[in-house]
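Data block below; observations after.
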Amino acid sequence: MKNLFTKVARTCAVISFGALGINSTQAETITSISASGSKEGFYYNFWKKNGDASFSLVEPGRYTMSWTSATNELQGGVGWKGGSPTIVHYSGSFGSGISNSQNLVLSYFGNYIDNSEAFPRPIYLYIIESYGSYNPGNCSGVNLGSYQSDGATYLLRRCEISRPSIPELLTPRYYYAVRTPKKYFGPISGTISFGNHMAAWRGLNVQLTQPFNYMIMSTEAYRSSGNSDITVSAGSDVFFTNSSSSSSSGSLSSSTSSSSSSSSSSSSSSSSSSSSSSSSSSSTSSGSSSTSSSSGGKPISGEVAGALDTYYFTLLCLFGGFCRRRISLPVN
């Protein structure tokens with residue numbers, strides 16, 4: 001019996017380092033090192049370096065997070081697997097009751113593995129709505145330009161980690177679209193016309209060559225204390241996958257559509273108003289649901305992309321001395 005218990009404990013420890021999923025019959029509050037999966041039509045992802053941070057799935061499309069500075073670093077959110085609705089609504093509270101000097105970031109975040117080069121490269125995408133003491137757009141990189149969407153200006157920047165111990169082929173690439181003006185801590189809501197963003201990125205010669213692993217409304221923090229309570233919903237039935245092998249204009253799955261339609265109905269008026277306010281990008285939104293051109297490489301499934309993401313992270317940590325999963329926050 002003792003040996004069986006030991007084996008089970010070891011197995012749980014290994015699983016917690018990777019991706020740990022839950023279903024509707026299990027507890028909704030997650031305190032393990034990492035967790036990901038699908039629940040009631042939405043995809044969720046949570047990761048922390050250490051500490052006492054908790055991540056809770058409250059209801060379809062809604063999550064809460066709380067943490068102290070002892071957590072060091074964390075990221076979590078809810079959204080969709082394999083792509084994104086072309087219009088996304090979010091609401092709730094972010095960093096409520098805390099100082100803007102805290103290091104928090106609220107963004108629409110996703111990733112995929114670029115298989116068009118000689119060696120697969122992790123690609124991370126951020127549409128940043130709010131941040132505290134550190135602007136992720138201040139990373140060392142290249143300004144790609146700016147564009148208008150949803151009543152704001154977004155500054156697009158590409159960044160990469162450059163360290164002698166990390167081979168160039170393993171270097172992740174990051175794209176940050178930072179909202180100006182940013183939204184502040186406290187009650188928060190907004191619309192992200194994701195189709196507009198992708199069309200604008202293509203207009204700035206950003207080639208996203210593979211289907212997305214996932215897109216989530218993400219809360220991220222580094223050496224800070226804070227909280228987040230965010231609800232996300234689809235404002236469109238058109239689903240953008242960035243896939244060259246299948247149509248990007250397919251509808252949301254029935255489970256996702258039904259779970260988000262009720263919550264997004266109240267935001268339909270704001271969706272229409274935000275679409276009109278983004279006049280400079282609205283002309284490109286009609287093309288946002290078309291398939292994007294690929295520069296080569298066989299598309300990688302979301303499951304493989306997720307596994308490779310964990311694999312690359314482990315390599316960078318063990319051999320590159322870089323144990324940070326993201327660089328949207330300052331690297332010390």
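The values are calculated or read from the model by the stated rules, or taken from the named source; none is laboratory data. As the structure is a computational prediction, the values presented were derived from the model and not from experiment. All Cβ positions, even for glycine, are placed from backbone atoms using ideal geometry, and neighbour counts span all protein chains on display. To get the accessible areas, we keep the full protein, side chains included, count just its heavy atoms, and leave off ligands, DNA and RNA. Shrake-Rupley method; radii C 1.70, N 1.55, O 1.52, S 1.80 Å.
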For this session: Answer yes or no: is there a residue in segment 82-99 that is at negative phi and surrounded by fewer than 16 Cβ atoms within 10 Å (Cβ to Cβ).
Result: yes
Problem set entry | Number of positions in segment 145-166 that are assigned to a loop (DSSP other than H, G, I, E, B) and modelled with pLDDT under 95 | 6
Problem set entry | residue 49 vs. criteria open to solvent by 40 Å² or more (accessible area, probe 1.4 Å) and closer than 19 Å to residue 214 by Cβ | no
Exercise. Quick one: residue 149 ticks every box in (1) surrounded by 22 or more Cβ atoms within 10 Å (Cβ to Cβ); (2) closer than 16 Å to residue 174 by Cβ bar one, so which box is it?
Worked result: (2)
Problem set entry | All positions within segment 191-205 that are small (Gly, Ala, Ser) and open to solvent by 20 Å² or more (accessible area, probe 1.4 Å) | 203
Exercise. Within segment 56-81, how many residues turn out to be outside any strand (DSSP E or B) and closer than 12 Å to residue 46 by Cβ?
Worked result: 1
Exercise. Yes or no: residue 129 at negative phi and outside any strand (DSSP E or B)?
Worked result: no
Exercise. If residue 245 satisfies every condition in (1) open to solvent by 10 Å² or more (accessible area, probe 1.4 Å); (2) part of a loop (DSSP other than H, G, I, E, B); (3) closer than 22 Å to residue 38 by Cα; (4) modelled with pLDDT under 50 but one, which is the exception?
Worked result: (3)
Seminar exercise, completed: Those residues of segment 206-227 that are out of contact with any strand residue (DSSP E or B) (no Cβ under 6 Å at 6 or more places or on another chain) and open to solvent by 10 Å² or more (accessible area, probe 1.4 Å) come to a total of 5
For this session: Identify, from the list 116, 101, 96, the residue that is part of a loop (DSSP other than H, G, I, E, B) and free of Cβ contacts under 8 Å to residues at least 40 places away in the same chain.
Result: 101
